[in-house]
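The values are calculated or read from the model by the stated rules, or taken from the named source; none is laboratory data. These numbers were taken from a predicted model, which means no experiment stands behind them. Counting neighbours? That spans all protein chains shown, and the Cβs are built from the backbone with ideal geometry, glycine included. Protein only, heavy atoms only, side chains kept; ligands, DNA and RNA dropped before computing areas. Shrake-Rupley method; radii C 1.70, N 1.55, O 1.52, S 1.80 Å.
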Amino acid sequence: MIRLDGVGKDFGDFTAVRELSLEIPEGKTCVMVGPSGCGKTTTMRIVNRLIEPTRGTVYIDGEDYKKKKVEILRRDIGYVIQEVGLFPHRTIAENISTTPKLAGWDDKKIKKRVDELLDLVELDPDENRNKFPRQLSGGQRQRVGLARAMAADPPVMLMDEPFAAVDPITRENLQNMFLRLQRKMKKTIVFVTHDINEAIKMGDQIAILKQGELVQADTPEELLANPKNQFVADFIGVDRAIKILDLFSTDEVMWTEAPVIKKQSMQDEARKLIESGEKGIPVIVEDEQGKKFWFDLDELEKEGSLEDIIRPLEITLDPTNSIKLAMARMLEHNNDAVLIKGEEDEEPGILTLRGIRNYVYRICESSPGEKVGK
Amino acid sequence: MAITLAQFWDNLAQTYGPIFSERIPPLLIQHIQLVLMATGIAIVIGVPLGIILTRPALRKHSQKVLNVVNIGQAVPGLALIAIFLPILGIGYIPAVVALVIYGLLPIVRNTIAGLDGVDDKIKEAARGMGMYNNQVLWQIEFPLAFPIIMAGIKTSAVITVGTATLAALIGGGGLGRLIFAGISLFRPEFILAGSGTAAVLAIIIEKGLSLFEKVVVKERMPLDF
Ligand SMILES: Nc1ncnc2c1ncn2[C@@H]1O[C@H](COP(=O)(O)OP(=O)(O)OP(=O)(O)O)[C@@H](O)[C@H]1O
Ligand SMILES: [Mg+2]
């Protein structure tokens, strides 16, 4: 656990960080976002004491970090710096082994660890171990920077725009890779980015900074639902509702108990459903070949012939996919629902456009922040 | 009167043969001793001085020290030797002292420039990972600054080979003796042989140091250095 307690930093007359208090629970990721120059890097540098705070202090696992020898403190904190900072005169393996060497590991253990880490960040050890940083692409260098920071398995990681200097596709890959790793490693992480989308994706908690001050620190859901003021709302952007789509997986929004009926007898079966008092639910229709269709029970009441109403269900997604992906697939195929694979022997779920619409609207509506957003 | 090529070579051999076989070798050895000693001492003083002047505590003094060292080189070599004459007298040691002072600047200046030139981000990464200051210096800063420091050492050595010819004026020996003998006896072949040998020596030392650098560094340096 990391706790910043009223931390501040002045450079001469200029206050880079005013007074920051923030708590990052064990194993969680806190993402700091804010415009350029708002003090993100300064805060990071305070946390591993590359600079001394002018005010306040930091507690790591409940202990005032000034009690520790600074070099020892830093070895327990993996630091991925803005612009990577790999040592150009050292090979990839040597770069990664920096902290293990400082910690006095033996060569065999280090060698094993280097290979393990290269595998972890999805770089072929045999191919890359003896290369120099200049022989790698920007994205590969960022992976090595990450591996180097993780090398001695520090419980805390500071990551300053670790994926900034790469194209969007590579960045997405790196983010996903990192999320996979973090699910296993459960490190306590402070992550800095400019990019609110990245923050929403990576963070358990998002801290928005403005000119050295903390404006709001909340879970991504809470932040999107309840931006505290106009600055936060502006920072999140006008597409707040779209961003919410990123936050939820399909299994959180889908219908799990949609009735499944046979196509030959669908008219009768649908009628029975209505008679039994069902309303406003999606119904899955299956024909003899196993092809699936769907309709909404409400539509039947209004119109009449089911044959005209049913729409194909052509797309199947995983329960872990985001509803944004589901939405994108629906738009691509001009569908208005997708099937969601069931876990093992569970029935598949169905996620409808209408379901998403209601879900997102309820989140936005419930928040006073809605009045703030434009 | 036309002379044939064979006659020309004959003449050349007759004039220069004895110079190179008899006069040059002992002087050359003296010269090399002077240069190696002076450059060696300049390195031993200059590199640590440059390192100390880039440490945070002393950084603010680095310009002042550079200015002082600069004077050493701004004064013409001849004048420098003249200045030391009354203080240190004549002979080998005063010559070495003068040459060290003369050769110090490029080494100090390049050591400072090399260390200052190391990217702050890289130093920050090293410190951020928990390296002690001396580890940052020797594992990161120094290897990265090494090519630039070496360039300073090469410059200094080459300058010293030239300046060392002046050592003869205060009894320091070396190839200068032949050159000055040539001047006073009006024997241009002495002047040519002496300065030519010094020039070749400068080239050899330069190439030798480059080779040393290559061996030490192998391919470990970034290409854009
Ligand atoms: N060593 C320093 N001396 C003086 N001012 C500094 C120093 N370091 C940072 N600053 C100032 O403090 C402010 C915050 O800088 P910081 O690097 O923390 O910004 P940041 O939020 O990381 O920005 P970016 O997103 O551009 O990386 C800036 O205005 C910067 O100019
Ligand atoms: Mg920054």
Residue among B:I24, A:A225, A:Q140 farthest towards the positive dipole end of the protein assembly as shown, charges placed on Cβ:
B:I24
Separation between the A:K67 and B:V215 pseudo-spin-labels, each 7 Å from Cα along Cα→Cβ, expressed in nm?
5.4 nm
Hypothetical label at A:F231: residues of region A:184-215 whose amide nitrogen lies under 15 Å (7 Å Cα-Cβ projection)
A:207-215
If you put +1 on each Lys and Arg Cβ and -1 on each Asp and Glu Cβ, how big is the dipole of region B:27-218 around its Cα centre, in Debye rounded to 20?
180 debye
Let a ≥ b ≥ c be the square roots of the eigenvalues of the Cα gyration tensor of the protein assembly as shown; is it rounded (a/c under 1.5), or, if not, prolate (a/b larger than b/c) or oblate?
prolate
What order do you get for B:117-128, B:67-78 when each peptide is scored by the mean count of other beta carbon atoms within 10 Å, highest first?
B:117-128, B:67-78
Give me the accessible area per residue for region A:251-365, probe 1.4 Å, as a whole number in Å².
59 Å²
Selection of trypsin sites (Lys or Arg not before Pro), region A:253-309, meeting DSSP coil and at most 15 other Cβ within 10 Å:
A:K279, A:K291
Compute the distance from the alpha-carbon center of region B:4-70 to that of region B:135-178, in whole Å.
6 Å
Take the solvent-accessible surface of the protein heavy atoms, probe 1.4 Å, and return the percent of it on region B:15-107 that carbon and sulfur atoms account for.
77 percent
The FRET efficiency for A:R55 and B:A74, from their Cβ-Cβ distance with R0 = 56 Å and rounded to 0.05, is 0.70
Share of accessible surface on carbon and sulfur in chain A, whole %, 1.4 Å probe and ligands ignored, is 47 percent
Can you show me the helix-derived [θ] at 222 nm for the protein assembly as shown, built from DSSP H runs with n ≥ 4 at -39,500 (n - 2.57) apiece and divided by the number of residues, rounded to the nearest 500.
-16500 deg cm²/dmol
Is the shape of region B:155-205 rounded, prolate or oblate, going by the alpha carbon gyration tensor and its root eigenvalues a ≥ b ≥ c, with a/c under 1.5 for rounded and a/b larger than b/c for prolate?
oblate
Using a Förster distance of 41 Å, the FRET efficiency for B:I203-B:K121 (Cβ separation, nearest 0.05):
0.60
Relative frequency of Cα-Cα separations exceeding 16 Å in region A:37-98, percent:
54 percent
At 25 °C and 0.890 mPa s, the Stokes-Einstein diffusion coefficient in µm²/s for chain B, with hydrodynamic radius from the Kirkwood sum on alpha carbon pairs, is 125 µm²/s
Candidates A:E344, A:E26, A:E286: whichever shows maximal mean-square fluctuation once chain A is modelled as a Gaussian network with Cα springs under 10 Å
A:E344
Using only protein heavy atoms and a 1.4 angstrom probe, determine the accessible area buried between B and A, summed over both sides, in Å² to the nearest 100.
2300 Å²
Specify which residue in the list A:S322, B:A199, A:V253 is farthest towards the positive end of the charge dipole of the protein assembly as shown, using unit charges on the beta carbon of Lys, Arg (+1) and Asp, Glu (-1), about the Cα centre.
B:A199
Averaged over A:64-75, how many beta carbons belonging to a partner chain fall within 10 Å of each residue's beta carbon?
2
Can you compute the charge dipole magnitude of the protein assembly as shown about its Cα centre, using +1 on each Lys and Arg Cβ and -1 on each Asp and Glu Cβ, nothing else charged? Give it in debye, rounded to the nearest 20.
3980 debye
Cα to Cα, under 17 Å, and not fewer than 8 places away if on the same chain: which aspartates and glutamates meet these conditions relative to A:K184?
A:E26, A:E116, A:D119, A:E122, A:D153, A:D204
Rounded to a whole number, the mean other protein chain Cβ count within 10 angstrom for residues of A:79-90 is 6
Region A:2-248, accessible area per residue, ligands and nucleic acids excluded (1.4 Å, Å²)
41 Å²
What accessible area per residue comes out for chain B, rounded to a whole number of Å², with a 1.4 Å probe?
52 Å²
When the dipole is taken about the Cα centre of region B:98-190, and only Lys, Arg (+1) and Asp, Glu (-1) are charged at their Cβ, what size is it in debye, to the nearest 20?
260 debye
Listed pairs A:K263/A:K341; B:K123/B:K214; B:K60/B:K154; A:K131/A:K243 exceeding 31 Å between Cα atoms
A:K131/A:K243
